[in-house]
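These notes concern the structure reproduced below.
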Amino acid sequence: MLGLRGGGLARGLRAVPPAWRRGPRGLSLALARTAGASGARDWRAPAPGAPRGRALSLSAAAVVNSAPRPLQPYLRLMRLDKPIGTWLLYLPCTWSIGLAAEPGCFPDWYMLSLFGTGAILMRGAGCTINDMWDRDFDKKVMRTANRPIAAGDISTFQSFVFLGGQLTLALGVLLCLNYYSIAMGAASLLLVVTYPLMKRITFWPQLALGLTFNWGALLGWSAIKGSCDPTVCLPLYFSGVMWTLIYDTIYAHQDKKDDALIGLKSTALLFRENTKKWLSGFGITMLGALSLAGANCGQTLPYYAAVTAIYTVDIHRPEDCWDKFTSNRTLGILLFLGIVLGNLWKEKMEETKQPEDVRVEN
């Protein structure tokens, strides 16, 4: 459970060629909001002759930039200025928690909050591990040279101590769950530690990311039910892995040229011009697995309406790749809402069925 794409999202928008930032104003602002790079000029800087003063912003990057200066390198090490990775880690947890809710009931808000806290901590820990593995490599690459460890803002020892603090807090969150879930959460640590290395040895780091990022699809159900129902949890987990392969392959197309030059591997480099066919296959498989998970837990029409959301992408347009990548947060939220409404619909269907049963008995 951690930063995105075997180091992919962890690269942030420093991987984006400068020419991309000269696109339409809306895209430029969106990219600038997300970048949040240390020492970068504020995109809200007024034009010559305009009234002075800084516009109020509640974006994640602005919050990090307004934090006390000694804390900022640590917040950037956690990628708190780029929250999309945290969302993509958290959303499979919400799906699982939502599917585990009783018919006619909302998801357990305490568990949603607990898993949200855990997602922030574990994504931050993962990014820290990733940057510790790549600290010497990052110094030689322009787009990663100002990461806190590579830039010398945080020493290796400091990052190790910080990692220990994050993992300790995450353990505190995990200990709030039942014993089955504690054991399952601990089992994910092997994936957490090793997946940042996959981009160096295989063209499938996105698969390793998917196996790591979607562990919450198993953990959320067990936290509610006390154990995993394989007929629901396995299809849900598998659909999440397919989802990760889709969105992170899309993201990888933004910097595939740089990856080829520096020797990193990705599914974007593996699939090349066949990417659309692969993404179509992943998408169909994802929808099928979600449908199976829904059928096995008695889901209803709102759920299946959400499952039918389909996105397309032009892999040759980087701005489209970025838009489609970030739009997966919206897709994940819509699926969660479909699960919630589907559970409420179950109660309505049962209430309608009861009078019919009474008439049959009479």
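Projected label points at Asp323 and Ile201, each 7 Å from Cα along the beta carbon direction, are separated by 4.0 nanometres.
Give me the extension gain from Ser280 to Ala151: residue separation times 0.36 nm, minus the current Cα-Cα distance, reported in nm with one decimal.
Taking Ser280 through Ala151 to full extension adds about 42.5 nm, to one decimal.
Note on Lys324: accessible area is roughly 50 Å² with a 1.4 Å probe, heavy atoms of protein only. Between Ala295 and Ser227, the simple spin-label model (points 7 angstrom out along Cα→Cβ) gives 2.5 nm. Annotation: amide H of Ile149 within the under-5 Å range of Ile154, sequence separation 5 or more or interchain, hydrogens built in the peptide plane.
Val161 contributes about 80 Å² of solvent-accessible surface, heavy atoms of the protein only, 1.4 Å probe. If the segment from Leu337 to Glu273 were pulled out straight at 0.36 nm per residue, it would be longer than the present Cα-Cα gap by 19.6 nm. Ignoring lysines fewer than eight residues from Lys139 along the same chain, the ones with Cα atoms less than 27 angstrom from its Cα are Lys82, Lys199, Lys256, Lys257, Lys265. Extending 7 Å from the Cα toward the beta-carbon at both Leu190 and Phe106 defines two label points whose distance is 3.9 nm.
The values are calculated or read from the model by the stated rules, or taken from the named source; none is laboratory data. Keep in mind it's a predicted model, so treat the numbers as computed, not measured. Cβ: placed from backbone, ideal geometry, glycine included. Neighbour counts: every protein chain shown. Ligands, DNA and RNA are stripped out before the accessible areas are found, and what is left, the full protein with its side chains, is counted by its heavy atoms. Shrake-Rupley method; radii C 1.70, N 1.55, O 1.52, S 1.80 Å.
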